[in-house]
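The values are calculated or read from the model by the stated rules, or taken from the named source; none is laboratory data. In this text the structure is predicted, and so the values were computed from the model without any measurement. Cβ placement follows ideal geometry from the backbone for every residue including glycine, while neighbour counts extend to all protein chains displayed. Surface areas here come from the heavy atoms of the whole protein model, side chains and all, with no ligands, DNA or RNA. Shrake-Rupley method; radii C 1.70, N 1.55, O 1.52, S 1.80 Å.
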Amino acid sequence: MLLSTSPALRASFFALPPSLRRACYATATSPSASHPEIFDLVCVGGGPAGLSLISSLKSQSSTKRLKIALIDAQKLSAPPRTGDGDASGTREFSNRCSSLTPASVKFLKRIGAWENVEQGRVQAYTGMEVWDGVSGAKINFDPMDRGRVAGVVESLGRLVPGSGFGRGAEDEGAGEVATMCENSNLTAALVERVRGLEGVEVLDGTKVEGIELGPEKEKDGMSLDLSLWPVLRLPGNRKIAARLLVGADGANSPVRTFADIPSKGWDYNQHGVVATLQLDQVQDVSAPRKAFQRFLPTGPIALLPLPGNKASLVWSTTTALASHLKSLPPAEFTAAVNAAFRLLTTDISYMLTHSTASQDLDWRESQTDLRALGLPQDFPRVDSVVSGSIASFPLRMRHASTYTGHRIALIGDAAHTIHPLAGQGLNLGLADAESLARHLAIGMEAGMDIGSCWCLDGYGSDRWGKNNAVMGVVDKVGKVFGASAGPVVWARSLGFNAVERLGWVKGGLMRGASG
Amino acid sequence: MPTSSPSSILTLPASIRSLIVAQSGLQSAFPRLATAIPRVGQIQTTRNYVTESTTAPQSSVNATEVSHFNTLASEWWDPHGSSRLLHLMNPLRHQFINRCLATHGGENTTQQKYLDIGCGGGIFAESAARLASTASVTAVDPTPEVISVAKQHQRVDPLLLEPGRLTYRNIPIEELPLPNTPSEGFDIVSLFEVIEHIQQPSSFLPNILQHIKPGGWLIGSTIARTSVSWFTTKFMAEQVLRMVPRGTHEWSQYIQPTEMRSWATKEADLDAEGIGWQVMGVVYVPGLGWKEVKGSEGWGNYFFGVRKNTAT
């Protein structure tokens, strides 16, 4: 900048009276190019993983003095809010919801973010009914039963997207299976939390122009050597160096690219269709709510409760069917959803390829023995779909080959892309943040450089190891399926291949494996 | 048994000590996997941690020792080098220091001044200098190359370059000026994996005590001289697994915790009778890392801490 340009300029600068010099400093937005600003931790990505990492660090005594920068290309502003406790207020529910596990909620409470979540827009649920679309074989995941059912059923429960059976029994709030929460509600709560923290510079609406290593070190002397520090180039010729650069920057993580960490995986030929639905039942706020899930040959369809008479739909199906569903007019989409939960699979196929008119549904339903198909007695009817809420996402699986490098840590989707349904990825991202924050605290207490492998290895082996163990666990579960009579039919419709190929299943199993 | 009285062995020169030990029939070795100061090379020596010159009788280091550590210098900060076990052990050092300070309610109450003797590449010195509860760290080592490695590594951390936070000195401890008054001494004087490299601990240790402030602590770690430690440190770590270079350890110079304590008890300045004496045995478990194992101080790696009396 001004001071770094030329000695002559610098000399004339110092000839100015102090007041003028100060004015120059004030307008000089960046320090000289050769001396980047130093931060202890720079987090790229202001999603739930990055935000909760920062909140967590600032809530631990050994890490709360860290100098942190949070960078996000988007503006991190809280979205408009409805009035307190106004559950079905004027604003419709977002179709991007997550099913937070009790462990995630506990973590969010501990870091002071949960109190900022708009409680009128979250819905806890206490059970999930799961049944097989082919045989009607049924399994209840009622927390009351969990003490009795043995490991196999528990394991099956973990296969269900949107469920959080892995830890429920030993956590507080053991009555809850999980809590539905809009991603936007959670993010807004975390942003509010982070904005109030000292020692955090929030650089939102700021694009990272580049990441490179610091300048070559001088051969002699004792000057600072940043040659192995990541330095981020920001707009306005600003440069910041990170003792630890955290990539919370999503599936296409630039931080991961900078660190040259490969991410491997595959795409499923499947899409997840999401929508916000209106049900015929008006639920009392305090009434216990349930989630429902039916396994169809094309993939599972799930109905997850939102406050009042709303629910979140998560329907995994083939890419072709997904685009067909998105093209339907609202009334026919509603009929298709009702059909998918209620009818024989042959009827569903027929309707989806020929006619999704609601009369068709009524007629077929009248000819169907719903009980024999396993339809739960208290299953609601879908009245309508909230306009504009239908969307779909390709299902894919990616896993970074490592979560850490020298002065690098990856969390959330940057580390692993699990399919976006029902927020299992979000739970994993929160668990990453919690684990990384814990390991940074351990490192600080032992005087470690938090960017060094001595500090980061523990995080990597904690989280990556759990994911990596999954393949082996899946194999064992496969054997269990084969050996026990009860869930065999259910397991058949699920299909072992599907288990092996679906990322979210692995995520669930992983947590199962870790207890 | 041949070590007639535990404390008297410390007063003997190393050559004699090794003789006694040889007669005792205790040849064996389980590595004290972490070795104090990693050395490279195949130098077969009697080790003495003393200065570059052996002529000064009061100096604690000899030439072969120094050259051994020179060849090791490049490996100090290699995560997979021969210092790996020392890095892994480092958090336990802080844990033990905190435990010692806590016995007298001193934890976090004051900013601690550290003196790290035999600092090597600076593993402990750097970590101590980063702690929020640290006022300053002075780190000394007689080996020029390791100090040079330590200083180069200091450059990569701007925190450690803050004036006065971490000062390395390439001198034997005998050349470090004594404090003008006792209260200007150090709160914590550390001797990690050093004492087993000293030829005459009985003359080396009293000198060090003068650097400790009244109420301060002498903290160290070393290896007990047992068949287990011979097997682990000499045979397994140096010969079989090659986790540390050959010649890293001189088993005959290993010291039992009972010997340390009986020396400390005889020092009038030290409070080694009650809670002023602390010891913690640690064991390296492959796959799990270093773990505290109660009672293991009698046969393997251990930490000791002894407090200097407040009124002297």
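Report, by residue number, each residue of region B:138-163 that is in a loop (DSSP other than H, G, I, E, B) and within 14 Å of chain A (Cβ to nearest Cβ).
Our first condition is that a residue be in a loop (DSSP other than H, G, I, E, B); within region B:138-163, this holds for B:141-143, B:155-157, B:162-163.
Residues satisfying the conditions are B:155, B:156, B:157, B:162, B:163.
For region B:247-256, the criterion of being modelled with pLDDT of 85 or more and acidic (Asp, Glu) is met by none of the residues. In region A:288-345, which residues are within 20 Å of residue A:362 (Cβ to Cβ), in a strand (DSSP E or B) and touching a Lys or Arg at 6+ places or on another chain (Cβ under 6 Å)? If the condition is that a residue be within 20 Å of residue A:362 (Cβ to Cβ), in a strand (DSSP E or B) and touching a Lys or Arg at 6+ places or on another chain (Cβ under 6 Å), then A:301 is the only one that fits.
Using the structure shown, decide if residue A:333 is modelled with pLDDT of 90 or more and either hydroxyl-bearing (Ser, Thr, Tyr) or open to solvent by less than 10 Å² (accessible area, probe 1.4 Å) (or both). First the steps, then the outcome.
Working: modelled with pLDDT of 90 or more: yes; either hydroxyl-bearing (Ser, Thr, Tyr) or open to solvent by less than 10 Å² (accessible area, probe 1.4 Å) (or both): yes.
Yes.
With the requirement that a residue be open to solvent by 50 Å² or more (accessible area, probe 1.4 Å), farther than 24 Å from residue A:454 by Cα and in contact (Cβ under 8 Å) with a residue 60 or more places away in the chain, what does region A:257-290 give you? Of everything in region A:257-290, those that are open to solvent by 50 Å² or more (accessible area, probe 1.4 Å), farther than 24 Å from residue A:454 by Cα and in contact (Cβ under 8 Å) with a residue 60 or more places away in the chain turn out to be A:264, A:266, A:267, A:278, A:280, A:281, A:285, A:288, A:290. Reported count of residues in region B:166-201, each being of a type in the set (A, V, I, L, M), in a strand (DSSP E or B) and over 22 Å from residue B:297 (Cα atoms), is 1.
Residues A:395, A:436, A:370: which one is outside any strand (DSSP E or B) and in contact (Cβ under 8 Å) with a residue 60 or more places away in the chain? The conditions single out A:436.
If you go through region A:192-221 and keep only what is among the aliphatic types (A, V, I, L, M) and either touching a Lys or Arg at 6+ places or on another chain (Cβ under 6 Å) or open to solvent by less than 10 Å² (accessible area, probe 1.4 Å) (or both), you end up with A:194, A:197. Taken over region A:33-73, residues that are free of Cβ contacts under 8 Å to residues at least 60 places away in the same chain and in contact with an Asp or Glu (Cβ under 6 Å, 6 or more places away or on another chain) amount to 0. Could you tell me which numbered condition residue A:160 fails, if it satisfies all but one of (1) over 19 Å from residue A:37 (Cβ atoms); (2) aliphatic (A, V, I, L, M); (3) modelled with pLDDT of 80 or more? Residue A:160 satisfies all of (1) over 19 Å from residue A:37 (Cβ atoms); (2) aliphatic (A, V, I, L, M); (3) modelled with pLDDT of 80 or more except (3).
Looking only at residues of region A:210-223 that are out of contact with any Pro (no Cβ under 7 Å at 6 or more places or on another chain) and not in a loop (DSSP other than H, G, I, E, B), we find that the one that is farthest from the other protein chains (Cβ to nearest Cβ) is A:210. Residues in region A:224-256 that are more than 14 Å from chain B (Cβ to nearest Cβ), surrounded by 15 or more Cβ atoms within 10 Å (Cβ to Cβ) and either acidic (Asp, Glu) or not in a strand (DSSP E or B) (or both): A:248, A:249, A:250, A:251, A:253, A:254, A:255, A:256.
The listed residues are B:193, B:184, and the only one of them that is in contact (Cβ under 8 Å) with a residue 12 or more places away in the chain, away from chain A (no Cβ under 14 Å) and at positive phi turns out to be B:193.
To keep it simple, each residue is scored yes or no on (1) more than 12 Å from chain A (Cβ to nearest Cβ); (2) over 19 Å from residue B:164 (Cα atoms); (3) open to solvent by less than 10 Å² (accessible area, probe 1.4 Å); (4) in contact (Cβ under 8 Å) with a residue 40 or more places away in the chain.
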| position | (1), (2), (3), (4) |
| --- | --- |
| B:78 | no, yes, no, no |
| B:86 | no, yes, yes, yes |
| B:92 | no, yes, no, yes |
| B:97 | no, yes, yes, yes |
| B:110 | yes, no, no, yes |
| B:126 | no, no, yes, yes |
| B:131 | no, no, no, no |
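Taken over region A:346-367, the criterion of being small (Gly, Ala, Ser), surrounded by 13 or more Cβ atoms within 10 Å (Cβ to Cβ) and in a helix (DSSP H, G or I) is satisfied by A:349, A:358.
Quick one: would you say residue A:266 is within 14 Å of chain B (Cβ to nearest Cβ) and aromatic (Phe, Trp, Tyr)? Let's see the steps before the verdict.
Numbers: within 14 Å of chain B (Cβ to nearest Cβ): no; aromatic (Phe, Trp, Tyr): yes.
Here the answer is no, as residue A:266 does not meet what is asked.
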